[in-house]
1. If you build the Cα gyration tensor of the stretch 271-363 and take the root of 5 times each eigenvalue, what three semi-axes come out, in whole angstrom, biggest first?
2. Could you tell me the calculated FRET efficiency between residue 202 and residue 406, based on Cβ-Cβ distance and R0 = 25 angstrom, to the nearest 0.05?
3. Taking the Cα centre of the stretch 164-299 as the origin, how large is its charge dipole in debye, to the nearest 20, when only Lys and Arg (+1) and Asp and Glu (-1) carry charge on their Cβ atoms?
4. Figure the gain on full extension for residue 452 and residue 214 (residue separation times 0.36 nm, minus the Cα-Cα span) and round it to one decimal in nm.
5. For residue 275, what charge total do you get from the other residues with a beta carbon under 14 Å from its beta carbon, if Lys and Arg give +1 and Asp and Glu give -1?
6. Can you tell me the FRET efficiency between residue 464 and residue 431 if r is taken as the Cβ-Cβ distance and R0 is 25 Å, rounded to the nearest 0.05?
7. If I model a spin label at residue 382 and residue 423 as a point 7 Å from the Cα along the Cα→Cβ vector, what separation in nanometres do I get?
8. R0 = 22 Å: FRET efficiency of residue 315 with residue 268, Cβ-based, nearest 0.05?
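The values are calculated or read from the model by the stated rules, or taken from the named source; none is laboratory data. Keep in mind that this is a model prediction, so the values were computed, not measured. No Cβ is skipped: glycine too gets one built from the backbone with ideal geometry, and neighbour counts run over all protein chains shown. Ligands, DNA and RNA are stripped out before the accessible areas are found, and what is left, the full protein with its side chains, is counted by its heavy atoms. Shrake-Rupley method; radii C 1.70, N 1.55, O 1.52, S 1.80 Å.
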Amino acid sequence: DGPAQVPEIYVPNVTDEEVWAADLDDDNQAYEPIGQNTMELSASSQPRLPKRIAKTHALAFDELEQRLYHLIGSLSHSPLASLAPGAWESLQIGSTLLEAITTICAPDIASQHLSLTSTEPGNTLHGGAADRTIPIGAAHSPSIGAPVFGPLISPLVLMLRDHFWHDPLSCASELRPTLDALPGHQRHNFLALLVSDNSCFATIPDTAWSAIDAEIQTALPLLAHHVSATSPSEEAGRGDGTPLELYVQLVDWYLVGSCVGRVGVSELMFTIGAPQLLLQLVLLHSATIQLVSAWKWLHRACCLHRPLLLFTRQVPTFFSAVRSSAYLVCRRAELLSWLWLLAAARECLPHKTTAADSDSEICAEAEVRLAMLAAEARDEGAIEPLLVMNELLDHQRAAVGCALSAHEMLCSKATTPLTEIVRTLGLHVRQQIAERRGTGSKGGEDSGARARAADEKQYEVLQRVAHSLKLLLQTASAPGKAD
């Protein structure tokens with residue numbers, strides 16, 4: 001059997017005079033030759049389409065827009081993580097993303113996008129108002145800290161962020177062009193995203209660290225101006241996009257990651273004015289609850305940097321701000337940690353700058369509050385006081401070796417009574433653990449399932465407190481044979 005015979009297709013010989021499109025179709029409609037009877041449309045004469053055609057055109061545009069959102073939303077840096085270090089630049093991935101961001105951020109496209117989304121209140125494609133307020137162009141730019149990175153820009157920005165996380169060395173040459181492609185107020189948000197995971201920059205070259213540090217120092221003055229000009233009560237309910245939150249996220253770069261142990265970080269923070277600004281905020285607005293991020297940053301900074309702790313200790317009204325803070329009232333562990341730090345730091349000051357009665361008041365306040373917490377932790381079935389005590393011990397252990405020495409934290413004249421309180425509680429905790437181990441059960445045998453679960457939880461918390469206390473006390477003494 002030979003190969004199958006393929007029927008030949010007749011192709012007519014086309015000449016210049018013949019036009020195939022002019023032949024009649026099944027609907028008896030003839031196509032006019034191209035170039036003849038062409039209508040010249042002026043700028044003022046716009047064609048009016050029938051309603052049916054206009055509706056079809058609108059649906060097609062919505063479908064095209066939905067596909068664009070789906071395409072950009074599916075972008076991810078994960079498939080690119082295995083590329084060679086130079087492949088990102090050779091394939092021009094970064095330049096393509098920057099070009100796309102620049103195109104999306106163009107003022108004319110911004111006006112078109114905002115008009116489309118604002119006239120469709122029931123459109124679920126664009127999400128809520130935060131997605132519709134894509135800050136592009138001067139006419140549509142929101143204030144610092146407003147919701148940014150709409151659904152078109154977010155995947156592109158996240159790809160660039162993940163690229164810097166994967167290859168921190170590229171920050172030295174690519175961070176500046178990336179920020180230039182974004183509108184001014186969005187640069188703060190991108191920097192906050194970039195430094196949100198400092199573990200990626202734990203070990204980076206000095207050139208990359210200097211590039212990130214230079215951009216942060218450039219962005220901080222404008223944010224500081226907005227923080228100073230805005231009352232914390234006015235920012236209530238705005239979430240994590242407030243100027244204060246962005247400011248704290250950026251200055252948090254100097255507390256963790258590659259800045260830990262770096263020489264001159266304390267002096268650098270004083271130079272940019274971060275401790276001064278946040279300390280002024282908590283002193284003026286201690287009664288408001290909206291300063292959570294400011295209190296947390298100051299506490300971490302004073303635990304890690306001795307100059308910051310001594311500077312804070314010398315502010316006469318700071319002790320009153322700590323006692324009247326609406327946030328610290330709800331956070332007993334941080335409140336007790338502040339009192340302990342202030343009591344210990346008094347012994348480290350080069351000369352007396354506060355009154356003696358103020359020093360004794362701080363020590364007395366710390367001793368009374370710590371004794372009350374220890375008494376609550378000894379109650380039968382107590383769990384929450386033990387958790388607070390465990391958190392307090394972790395805070396103090398973080399400060400040992402950084403802001404304070406072990407002797408200053410545990411064995412000074414002001415802190416010895418505090419150490420004795422936690423040491424006595426530690427004896428009680430170890431006794432409770434030994435008794436439960438002696439019975440061979442962490443819960444009562446005759447108790448119900450709920451009671452046994454509570455006993456097991458308390459036993460676990462007792463072990464955590466005992467372990468944290470041992471680690472703290474061992475910073476001032478050598479471990480024994482039982483350890």
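1. Sorted largest first and rounded, they come to 19, 16, 12 Å.
2. Numbers: r = 26 Å, r/R0 = 1.03.
It comes out at approximately 0.45.
3. Once rounded to the nearest 20, the dipole reads 220 debye.
4. 80.0 nm
5. +2
6. In this case the efficiency is close to 0.95.
7. With each label placed 7 Å out from Cα toward Cβ, I get 2.0 nm.
8. The pair residue 315/residue 268 has a calculated efficiency of 0.60.
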